[in-house]
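Visitor: Structure below; questions to follow.
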Amino acid sequence: MKQESITIISKRMKKKIRIADILYIIKSEYLSLIHLIDGDILQTITPIYELKEMLGDDCIEVKKGCIVSVSAITNVKDKIYLCNGEAIDFTVRRRKAVRLEWREKQKLMIDEINGQNPPRTDEEYHKYYEICDKFPFAFTDIEMVFNEKRHAVDWIFRYGNEALAELEGVPLKEMIGSTFQDCMRTCSTTRNRPVNWNLSVPDRLMQMEMRNLNLPTHLITRSSLMWL
């Protein structure tokens, strides 16, 4: 079974980190700085190459002294764009190789996710995303619903933090379990104006070449929602 966490020494203390909570790791002099999805940065003397070995297929070395979580990447263009809005510089001449490795590892990740049992209850979802509760920005986990042509036709909110509820003016108890379209109608009614959602979904599950993959009729994916 694939490991879900790694253990490091940070400030003379052992720390267990969920792999899913890592955005990227960058070398700074003699330290490795581990940037987490909640904004925290952990320092460790463990070298980058050892951390890369620990993470395996969950990361990509985008340049010397910098590895990025596959699940955190939303796009590879002139920079490496991440799900939290950050963009990391890298050697553009390696773009094709980085993008290819990213796509291949995305497929491996989806195959693995398809073989796992995702959270089923509100309690399980909240436990899984507990680290996201204190995010200063809106964050949600949505279940994507595909039609027989594998086109996304709707989304169902499975988890959301308080920042999302505050941003949209919809209590979490009303949002969780509701469809994307229902929430749009609610927001339109509440705000008395049309809704324009900017949906940013990590490519590991959303922006795949779906027709080239043997995907089930629905997948669990993460997204951050922003009011425009």
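Visitor: Contact order normalised by length for the stretch 1-137, with contacts defined as Cα pairs under 8 Å and 6 or more residues apart; what percent is it? Walk me through the numbers before you get to the answer.
Guide: Values: 182 pairs, mean separation 21.5, N = 137.
It comes to 16 percent, rounded to a whole number.
Visitor: I'd like the GluC sites (Glu not before Pro) in the stretch 130-185 restricted to DSSP loop residues with at most 16 other Cβ atoms within 10 Å, sorted by number. Intermediate results must be reported in sequence, preceding the final value.
Guide: On the way: sites: E130, E143, E148, E162, E166, E168, E174; in loops: E148.
Those satisfying the criteria are E148.
Just so you know, all these numbers are worked out from the coordinates, no wet-lab data involved. Quantities reported herein were computed from a predicted structural model and do not represent experimental measurements. Because the Cβ atoms are built from the backbone with ideal geometry, glycine has one as well, and the counts that use them run over all protein chains shown.
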